[in-house]
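*Asks:* For reference, the structure I am asking about is given below.
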Amino acid sequence: MLVLEGTPQVKRTSWSTGLSVTADGVGVVAHAGSVASRLLADRIGLTGALSTAMARRGFVPGHDRGRVLVDVAVMLADGGEAISDIDVLRHQSGVLGPVASPPTVWRTPDEVTPARLRKIATARARVRRHVWAQLPRGVPASKVAGTDPADVIVLDVDATVVIAHSEKENAAATFKRTFGYHPIGVWCDNTSEFLAAKLRAGNAGSNTTSDHIEVLTDAIAQVPTAHRRKLLIRSDGAGSSHGLLDWLTEQGKVRGRSVEYSIGFSVTEKIREAITLVPTKVWTPATNADGGVREGGDVAELTGLLDPDMLAKWPAGMRVIVRRERPHPGAQLSLFEETDGWRYQAFVTNTPKQPGVQLAFLEARHRAHARVEDRIRHAKDSGLRRFPSREFAINQTWLTLVQIAADLTAWTRLLAMTGDAQPPAACEPKALRYRFLHVPARLTHGARRRRLQVPKTRPRAAAIVAVFANIAAIPPPT
């Protein structure tokens, strides 16, 4: 036992007088908020669905593999970075029951074959359908320029670099002159869910058409069928390939489905020539995030000013829109931009001209793709920053668990942090851990029941309790 004595001469240290530190505490739960994430996974049927996906004939593991996968996802949402961090949950066995040891956790992703990955994806899609059906106010709208486009599901695709600090299978030099992996993923802007991802070598191309099509196919399969009628696919310039735009155009021809796209486009010499032909009066003010006028920004359409032979090589109905703005100090400009002092960015879309849909709205809608950078940052705060294994297949499974962790966080916000439990809903992952997931509690027993008692002095203690109540009220899947 450690006993601290105060220093009478200095009043500001007197708080430690008589304080003792021992290692014999019982009934203490350090990360009580993470219990809610685990409880949510059970309540919506995710744990059971993953157990079915991982089942093997004639094999009865000591720890159910679906439970192990959920526990790792809970650990990642809780801030864990390595498989050994599962011990944080193991030390809370009084409330969670038996939790797999690190060696068992290591074996579980090694058992995930490509066929089981597909089963896990199917299980996630089935659970997502149940979750979306339980949303109290329906699927949130993807807000653009102060408006809420109704019934449109927005999918943002982007890639990022994950640095490897040791030799790992398929790790390679990246275009950023680092070493590691270059995964590509798709996020739902409406709900912040991490729908699909593919682990790639570090030297994988940014604009590889086949990779974009693969992850978008998987992401669309994750969207419940009833919500696939109106889709918007957004990407930066890495998506501006003939193959991807042709594929998106074909997807829009599927019966009962509308697929629009908003894809970044390179400002080539022909684009520059068209910009010089735009009359001054044609430029219209751009729109900012809240729907007001964006100072120093203008928008114009170039479709009618481009060479018809050039447009003929692209899908029919493609429109080319350009934005100009005064550059911020220190911005790097091309020789063309230095001529008139404007900075230009272009994108293409197949959204047709229609009353009430202005160029400024389309440009603001495309610029909202930048929100995917926040999604990537959040994923890196929840396990994507590093991959644990030297084996590529295990790291691909880890990436799947990162997606599940992101989904659990999103579902906790959408289903449980409503009404009296709303205060933590707007928190980013790190703040959410500090204010909710890492809240301490005391576990007591009595009358054949266990009680998890959050300190009444804890800020927003009532909201924390309300989160658990909301999760308990979720109807199980049928």
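*Asks:* Can you pull out every residue in the range 212-257 that is more than 20 Å from C188 (Cβ to Cβ) and in a helix (DSSP H, G or I)?
*Replies:* If the condition is that a residue be more than 20 Å from C188 (Cβ to Cβ) and in a helix (DSSP H, G or I), then G237, H242, G243, L245, D246, T249, E250 are the ones that fit.
*Asks:* Take P315 and tell me if it is buried (at least 17 other Cβ atoms within 10 Å of the Cβ) and either touching a helix residue (DSSP H, G or I) at 6+ places or on another chain (Cβ under 9 Å) or not hydroxyl-bearing (S, T, Y) (or both).
*Replies:* Taking the combined requirement at face value, the residue satisfies it.
*Asks:* Still on this model: Would you please list the contacts, defined by Cβ atoms under 8 Å and residues six or more apart or on different chains, that run from a residue in the range 290-316 that is touching a residue at least 24 places away in the same chain (Cβ under 8 Å) to a residue that is among the aromatic types (F, W, Y)?
*Replies:* Close Cβ pairs (under 8 Å, with a partner that is among the aromatic types (F, W, Y)) amount to D298/W283; V299/W283; A300/W283.
*Asks:* Select from the range 164-195 the residues that are surrounded by 14 or more Cβ atoms within 10 Å (Cβ to Cβ), hydrophobic (A, V, I, L, M, F, W, C) and free of Cβ contacts under 8 Å to residues at least 40 places away in the same chain and list them in ascending order.
*Replies:* A171, A172, F179, I184, V186, C188
*Asks:* Taking the range 367-393 only, how many residues are out of contact with any Asp or Glu (no Cβ under 6 Å at 6 or more places or on another chain), open to solvent by less than 20 Å² (accessible area, probe 1.4 Å) and assigned to a helix (DSSP H, G or I)?
*Replies:* 6
*Asks:* Let me ask something else about it. Could you tell me which of the residues V154, V127, V144, V131 is in contact (Cβ under 8 Å) with a residue 12 or more places away in the chain, more than 30 Å from Q396 (Cα to Cα) and surrounded by 15 or more Cβ atoms within 10 Å (Cβ to Cβ)?
*Replies:* V144
*Asks:* In the range 321-366, which residue that is in a loop (DSSP other than H, G, I, E, B) and of a type in the set (S, T, Y) is farthest from the chain's Cα centre (by Cα)?
*Replies:* By that ranking, first place goes to S334.
*Asks:* I've got another one for you. Which number in (1) free of Cβ contacts under 8 Å to residues at least 60 places away in the same chain; (2) open to solvent by 10 Å² or more (accessible area, probe 1.4 Å); (3) β-branched (V, I, T) marks the one condition that T160 misses?
*Replies:* Answer for T160: the failing condition is (1).
*Asks:* Looking at the range 259-269, is at least one residue over 24 Å from A159 (Cα atoms) and assigned to a helix (DSSP H, G or I)?
*Replies:* Yes, the range 259-269 has at least one match.
*Asks:* Could you tell me whether R435 is surrounded by 15 or more Cβ atoms within 10 Å (Cβ to Cβ), touching a Pro at 6+ places or on another chain (Cβ under 7 Å), in a helix (DSSP H, G or I) and modelled with pLDDT of 90 or more?
*Replies:* It is true that R435 is surrounded by 15 or more Cβ atoms within 10 Å (Cβ to Cβ), touching a Pro at 6+ places or on another chain (Cβ under 7 Å), in a helix (DSSP H, G or I) and modelled with pLDDT of 90 or more.
*Asks:* Also, I was wondering about something else. Using the structure shown, decide if L415 is at pLDDT 90 or above, open to solvent by less than 30 Å² (accessible area, probe 1.4 Å), touching a Ser or Thr at 6+ places or on another chain (Cβ under 9 Å) and within 21 Å of R43 (Cβ to Cβ).
*Replies:* So L415 does not fit the description; no.
*Asks:* Quick one: R326 ticks every box in (1) open to solvent by less than 30 Å² (accessible area, probe 1.4 Å); (2) over 21 Å from D156 (Cβ atoms); (3) basic (K, R) except a single one, so which number is it?
*Replies:* Single failed check for R326: (1).
*Asks:* Which residue out of F336, F347, F361 is buried (at least 22 other Cβ atoms within 10 Å of the Cβ) and either among the small types (G, A, S) or in contact (Cβ under 8 Å) with a residue 40 or more places away in the chain (or both)?
*Replies:* Matching residue, one of F336, F347, F361: F347.
*Asks:* Let me ask another. Mind checking which residues of the range 195-211 are aliphatic (A, V, I, L, M) and assigned to a loop (DSSP other than H, G, I, E, B)?
*Replies:* Scanning the range 195-211 gives L199, A204.
*Asks:* Using the structure shown, decide if D407 is closer than 23 Å to P140 by Cα, crowded, with 19+ Cβ neighbours inside 10 Å and charged (D, E, K, R).
*Replies:* Yes.
*Asks:* If a residue counts only when it is touching a residue at least 60 places away in the same chain (Cβ under 8 Å), which helices (runs of 4 or more DSSP H) contained entirely in the range 27-107 have at least 3 such residues?
*Replies:* 32-43, 46-54, 65-77, 93-96
The values are calculated or read from the model by the stated rules, or taken from the named source; none is laboratory data. All values derive from a computational prediction rather than experimental measurement. Positions of Cβ are generated from backbone atoms using ideal geometry, with glycine treated the same way; all protein chains shown enter the neighbour counts. Protein only, heavy atoms only, side chains kept; ligands, DNA and RNA dropped before computing areas. Shrake-Rupley method; radii C 1.70, N 1.55, O 1.52, S 1.80 Å.
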